[in-house]
Amino acid sequence: MAKVNTSDFRNGMNIRLDGEIYTIVEFQHVKPGKGGAFVRTKLKGVENEKNIDKTFRSGESVESVRVERHPYQFLYADGDMFYFMHQETYEQIPLERSRVERPEFVVDGLICTLVVDVESEKILFAQPPDHVETEVVETDPGVKGDTAQGGSKPATVGGGAVIQVPLFINQGEKIRVDTRTGDYMERVKS
């Protein structure tokens with residue numbers, strides 16, 4: 001339970017506020033002409049996904065939370081439970097679907113990052129990589145003459161996500177997708 005001062009705030013730092021863990025997305029030290037200085041922050045809830053704005057008095061202390069990120073391989077989903085395996089110890093860990101970020105991009109064998117609260121050893125959430133290679137499971141067939149400048153069409157990829165792809169992409173092709181935005185990036189050459 002290390003306490004940190006507002007002058008120690010950094011983007012990406014994790015703090016405990018009202019019993020919840022938040023990540024500092026953005027902070028700004030403000031020194032008005034009158035009155036005391038303060039720190040304006042934007043916080044994102046690690047477990048609850050809430051985005052809040054909070055203002056701290058300058059010099060105020062909050063509890064810092066140390067988290068670690070570990071690579072785990074996704075094995076399978078069983079109902080609302082996702083099962084991950086540590087790459088070296090082969091330990092399997094079940095995690096609720098609600099604690100898996102962007103589960104529609106998580107497919108068998110994908111290496112995800114599990115974020116763990118070091119103090120309590122509780123797994124906070126699982127996060128897929130920012131970019132994944134996935135197969136187009138279902139889409140309308142491409143027509144001769146469709147080009148990259150054309151338009152786009154919906155396509156279902158492995159894991160169940162529906163994204164917009166260029167008209168020339170066909171079912172069965174592998175593509176690279178940005179999981180943060182759900183945007184098509186490029187066709188993967190085999």
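The values are calculated or read from the model by the stated rules, or taken from the named source; none is laboratory data. Quick caveat: nothing in here was measured; it's all calculated off a predicted structure. All Cβ positions, even for glycine, are placed from backbone atoms using ideal geometry, and neighbour counts span all protein chains on display.
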**Complete:** Of the residues in the stretch 96-112, those that are touching a Lys or Arg at 6+ places or on another chain (Cβ under 9 Å) and part of a helix (DSSP H, G or I) come to 103
**Prompt:** Tally time: how many residues in the stretch 5-56 are under 14 Å from residue 67 (Cβ atoms) and assigned to a strand (DSSP E or B)?
**Reply:** 10
**Fill in**
Out of (1) of a type in the set (D, E, K, R); (2) surrounded by 14 or more Cβ atoms within 10 Å (Cβ to Cβ); (3) assigned by TED's automatic domain parsing to the domain that holds residue 78, the one residue 174 does not meet is (3)
**Prompt:** Counting only residues that are modelled with pLDDT of 90 or more and surrounded by fewer than 20 Cβ atoms within 10 Å (Cβ to Cβ), which one in the stretch 160-170 is farthest from the chain's Cα centre (by Cα)?
**Reply:** 164
**Asked** Can we say residue 79 is more than 18 Å from residue 128 (Cα to Cα), free of Cβ contacts under 8 Å to residues at least 12 places away in the same chain and either surrounded by 14 or more Cβ atoms within 10 Å (Cβ to Cβ) or not assigned by TED's automatic domain parsing to the domain that holds residue 108 (or both)?
**Response** no
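Let's see how each residue does on (1) assigned to a strand (DSSP E or B); (2) at pLDDT 90 or above; (3) buried (at least 16 other Cβ atoms within 10 Å of the Cβ):
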{"position": "62", "(1), (2), (3)": "yes, yes, yes"}
{"position": "73", "(1), (2), (3)": "yes, yes, yes"}
{"position": "83", "(1), (2), (3)": "yes, yes, no"}
{"position": "94", "(1), (2), (3)": "yes, yes, no"}
{"position": "114", "(1), (2), (3)": "yes, yes, yes"}
{"position": "119", "(1), (2), (3)": "no, no, no"}
